[in-house]
Amino acid sequence: MRCYFNLIDGYERILDVDGIEVSTLEQARLQAVKAIEELLEEDDGIAEDWRSWTLEVTNEDGRVLLSIPLNGILH
């Protein structure tokens, strides 16, 4: 299945237009955590800026498969 990793907060959406192929929802969750870790590696100061954001994983139809609040991961 193709999953898309969208960053959202109350006012703004950053949509993933490419997505990636995964075989399970667990694989999608692991890829989502990896993407968040890559954001942190790019900018140590990002945690404060992204605290109100959520990473939503959606399928090709736009249905939300899982949602990961960044405030629970970013330190």
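The values are calculated or read from the model by the stated rules, or taken from the named source; none is laboratory data. In this text the structure is predicted, and so the values were computed from the model without any measurement. Cβ atoms come from the backbone with ideal geometry, glycine included; neighbour counts cover every protein chain shown.
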* Is there a residue being of a type outside the set (D, E, K, R), modelled with pLDDT under 80, loosely packed, with under 14 Cβ neighbours inside 10 Å and not in a helix (DSSP H, G or I) anywhere in the range 39-57? -> yes
* Sort out which residues of the range 21-38 are modelled with pLDDT of 90 or more and either basic (Lys, Arg) or assigned to a strand (DSSP E or B) (or both), and write them in order of number. => Glu21, Arg29
